[in-house]
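Worksheet: the structure to be examined is printed underneath.
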Amino acid sequence: MDRKLASILVLLLCLSQALSQMDQDMSSPEEMDEAVDISSRILDANRGISRTLMEGDVAMPRSRNAMKCYSFYDCRWEKSPTGLVEVPYNINDYFLSHEKVTIEKAMNTFHEKTCIRFVPYTTQVHHLSIESKSGCYSSVGRTGGKQTVSLNAYRCLYPGVIQHELLHALGFHHEHTRSDRDKYIRINWEHVPNGASSNFAKRDTNNLNTTYDYSSLMHYGKYSFTSSFGKATIIPIPDPEVTIGQRTDLSETDIFKLNKIYKCDEQ
């Protein structure tokens, strides 16, 4: 069945159910979106998919980190003579027009706050291919050639999720894997499932002289990967009540790191 026709049928079904649900759920879409953190959305979307992922949404290979790039294998995207870092992208035609707009709006957030510019793909060798595969995931940094960023059309098209996966593509790992994380969070290993410990492994990162960022869009929530319902796997220290796993936008430190690693203030 044509996807546009299928979408219309689904919309009609949803509308027919809406009246009976109004008295039970008066939450706005914005309020419902706020109710679930980024990591919960991503891990739920990726549950059961066959693709091998690290830390829930990082596609292999992952042999380097844009926070610590090496000259022989630079994982950063190149800066153009204009001083802008152009990242070519193509959005697969599977996405409907309004879905493409949602993705491009998330990209525009980077344009407003950094020297990163997502530009339409023409003939560039290195580029992002935005596709609706079976979950939300990305490789870390520029891997070379065509690299897929998966944003499942039914489960991943939230602004924060899109920005999260684009940050991976620009070269950033999750905040809870920082080399200095043990000063700021405690991992409750007793609630980490067998075989899932690699999702909490520390990375050899250059943290750019920034403080640990609990508010980073790259920080997973307290219950990520838990094997025990209601039992946290990540506890902020010394204050366990600090909010982590925010879902709204790039944090100030996320922006600072992007501008610093890509030398946005330098021509």
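The values are calculated or read from the model by the stated rules, or taken from the named source; none is laboratory data. Since the model is a prediction, treat every value here as computed from it, not as a measurement. With ideal geometry, Cβ positions are generated from the backbone for all residues, glycine too; neighbour counts draw on all protein chains shown. Surface areas here come from the heavy atoms of the whole protein model, side chains and all, with no ligands, DNA or RNA. Shrake-Rupley method; radii C 1.70, N 1.55, O 1.52, S 1.80 Å.
Numbers at a glance
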item: Dmax and Rg, reported as Rg then Dmax, of region 62-203 (C-alpha, Å); result: 16.3, 51
item: Protein accessible area in region 149-267, 1.4 Å probe - carbon and sulfur %; result: 50
item: If the convex hull is drawn through the Cα atoms of region 183-242, its volume per residue in Å³; result: 94
item: Region 207-218 - phi-based ³J(HN,Hα) in whole Hz, Karplus 6.51/-1.76/1.60, Gly and Pro as x; result: 8, 6, 6, 9, 6, 4, 10, 4, 8, 4, 5, 9
item: For residue 87, distant residues with modelled amide H under 5 Å away; result: 117, 118, 119
item: Beta bridges by DSSP in region 127-209, antiparallel share as percent, to the nearest 5; result: 40
item: Spherically averaged projected area of region 222-267 from its Cα convex hull (nm²); result: 4.8
item: Under the Karplus curve 6.51 cos²θ - 1.76 cosθ + 1.60, θ = phi - 60°, whole-Hz ³J(HN,Hα) for region 93-105, x wherever Gly or Pro sits; result: 5, 4, 5, 6, 4, 5, 6, 4, 4, 4, 5, 5, 5
item: Among 199-211, 220-232, the order from most to least packed when residues are scored by Cβ within 10 Å on average; result: 220-232, 199-211
item: Under-5 Å amide H pairs with residue 146, H placed in peptide plane, nonlocal only; result: 127
item: Ranked packing of 155-168, 89-102, most packed first, by mean Cβ within 10 Å; result: 155-168, 89-102
item: Amide H within-cut-off set for residue 136, under 5 Å, with H built and near neighbours excluded; result: 46, 152
item: Rg to Rh quotient for region 156-267, alpha carbon positions, Kirkwood Rh; result: 0.97
item: HN-Hα J in Hz across region 247-260 - Karplus 6.51, -1.76, 1.60, θ = phi - 60°, x for Gly and Pro; result: 10, 9, 6, 4, 7, 4, 6, 4, 5, 4, 4, 4, 5, 7
